[in-house]
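A quick write-up on the structure given underneath.
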Protein chains: 2
Amino acid sequence: MKLLEDRILKDGEILGGDVLKVDSFLNHRLDVPFLCELGREFYRLFSDCKVTKILTVEASGIGISCLTAQYFGVPVVFAKKMRTGNLSPDVYSSPVHSYTRGTTSEIVVAKAYLTASDRVLIIDDFLAKGNALIGLTSLCAQAGAEVVGCGIVIEKAYQGGGDELRKKYRVESLAKIRSMENGTVVFC
Amino acid sequence: MKLLEDRILKDGEILGGDVLKVDSFLNHRLDVPFLCELGREFYRLFSDCKVTKILTVEASGIGISCLTAQYFGVPVVFAKKMRTGNLSPDVYSSPVHSYTRGTTSEIVVAKAYLTASDRVLIIDDFLAKGNALIGLTSLCAQAGAEVVGCGIVIEKAYQGGGDELRKKYRVESLAKIRSMENGTVVFC
């Protein structure tokens, strides 16, 4: 999506440790009119999928998910991150390792809000190695819900997570990054 | 707002420790078409305030803030919760105590995203003793930004935080709870 690629080139910052910082429009300051455009694009891509629910994970996924969900007219459920420990029997849970932070946390969803009748569109801001997305698909599998697709804002294609996920799911990324070497973002 | 009061009576659960659980539409599963109605109401209430930015705190405030912001055509900035410790010099920060959780955390906003030219509408899901809101107004004061109002989805009026805040700010709550005794929610 050219609108997004242009914005990444304009406002994205490449930090050490292979981090693309897009805090100015996606991860801290949320450019809502711009994110509505991304939401419309997700709707265009997945409008034929009979989506009943959007699933994401707190916190960065919530804004884009809500702004996308209004075009589908469906609710959003966001998985909560908890430190691994005693979990309620009323939740589905899956461990997710964050390479950026070097931590593992449990993502959980109340069983009441994800069911076998759901056709789930998973939305997230970033896809790199795919750990968060794999965790979210695991929550759906535990609930017996069908994952009809995954909508990603920015995919770091060179990290391989997207290719793995595409073996099982339809994954659409609005921007796919081929490389971030020498301080320059190159798209696929 | 009758629509919201009816929804609280229908779907809210009163738990021990004076907790009103509204996970089915506001705090875990987000009923996006319904939250859009709340967003429109916030716009009606604050449309004359020349709002340039909506400020909230992760995670529950993000959804309603984004859905509200689209009517204003302004960005959302969400304060991040961090454990108290070494903070970057590039952020404004304020300690916030959570009575529900019994913990104190630091809420932080990057200085780049909150400035003296901002006219800020603070949005949050709950107002009880008002600690989170006081923290958010402190971030605005540090930035020199003007708080033009606070929009709250559910205020527990009997906890007094709202009255304190109204001495300094315009606070509009879409539902104001007078009491939650004997398992019954009574509105003001």
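The values are calculated or read from the model by the stated rules, or taken from the named source; none is laboratory data. In this text the structure is predicted, and so the values were computed from the model without any measurement. Every residue, glycine as well, gets a Cβ built from its backbone with ideal geometry; the counts of neighbours run over all protein chains shown.
Is the range B:79-102 home to any residue that is buried (at least 18 other Cβ atoms within 10 Å of the Cβ), within 14 Å of chain A (Cβ to nearest Cβ) and under 12 Å from the mean Cα position of the chain (by Cα)?
yes
For the range A:15-33, which residues satisfy the criterion of being hydrophobic (A, V, I, L, M, F, W, C) and either more than 7 Å from every other protein chain (Cβ to nearest Cβ) or not in a strand (DSSP E or B) (or both)?
A:LEU15, A:VAL19, A:LEU20, A:VAL22, A:PHE25, A:LEU26, A:VAL32, listed by residue number.
Can you name the residue in the range A:129-188 that is more than 22 Å from A:TYR99 (Cα to Cα) and of a type in the set (Lys, Arg) and is also surrounded by the fewest Cβ atoms within 10 Å (Cβ to Cβ) among such residues?
The selected residue is A:LYS167.
Could you pull out every one of the strands (runs of 3 or more DSSP E) wholly within the range B:65-147 that has 1 or more residues that are at pLDDT below 95?
Answer list for the range B:65-147: B:76-82, B:91-98, B:103-110.
Can you confirm whether B:SER105 is more than 11 Å from chain A (Cβ to nearest Cβ) and surrounded by 17 or more Cβ atoms within 10 Å (Cβ to Cβ)?
yes
Kindly indicate which of A:LEU55, A:LEU45, A:LEU20 is in contact with an Asp or Glu (Cβ under 7 Å, 6 or more places away or on another chain) and touching a residue at least 40 places away in the same chain (Cβ under 8 Å).
Result: A:LEU45 is the single residue among A:LEU55, A:LEU45, A:LEU20 that is in contact with an Asp or Glu (Cβ under 7 Å, 6 or more places away or on another chain) and touching a residue at least 40 places away in the same chain (Cβ under 8 Å).
Condition first: touching a strand residue (DSSP E or B) at 6+ places or on another chain (Cβ under 8 Å), of a type in the set (Asp, Glu) and more than 9 Å from chain A (Cβ to nearest Cβ). Can you find one or more residues in the range B:42-65 that meet it?
No, that holds for no residue.
Going by the structure shown, is A:THR115 over 27 Å from A:ILE177 (Cβ atoms), surrounded by fewer than 22 Cβ atoms within 10 Å (Cβ to Cβ) and in contact with a Lys or Arg (Cβ under 8 Å, 6 or more places away or on another chain)?
No, not satisfied.
Could you list, ordered by first residue, the pairs with Cβ atoms under 9 Å in which the first is in the range B:152-179 and over 21 Å from B:TYR43 (Cβ atoms) and in contact (Cβ under 8 Å) with a residue 24 or more places away in the chain and the second is assigned to a helix (DSSP H, G or I) and among the small types (Gly, Ala, Ser), at least 6 apart or interchain?
B:LYS156/B:GLY162; B:ILE177/B:ALA157
From B:LEU30, B:LEU35, B:LEU15, B:LEU3, which residue is surrounded by fewer than 18 Cβ atoms within 10 Å (Cβ to Cβ) and in contact (Cβ under 8 Å) with a residue 12 or more places away in the chain?
After ruling out the rest, the residue left standing is B:LEU3.
Show the residue pairs meeting these rules: Cβ distance below 7 Å; 6+ apart or different chains; first residue within the range B:58-69 and over 24 Å from B:ARG83 (Cα atoms); second residue of a type outside the set (Lys, Arg) and part of a loop (DSSP other than H, G, I, E, B).
B:ALA69/B:PRO75
I need the full set of residues from the range B:38-64 which are surrounded by fewer than 22 Cβ atoms within 10 Å (Cβ to Cβ) and either assigned to a strand (DSSP E or B) or polar (S, T, N, Q) (or both), in order please.
Residues satisfying the conditions are B:SER47, B:THR52.
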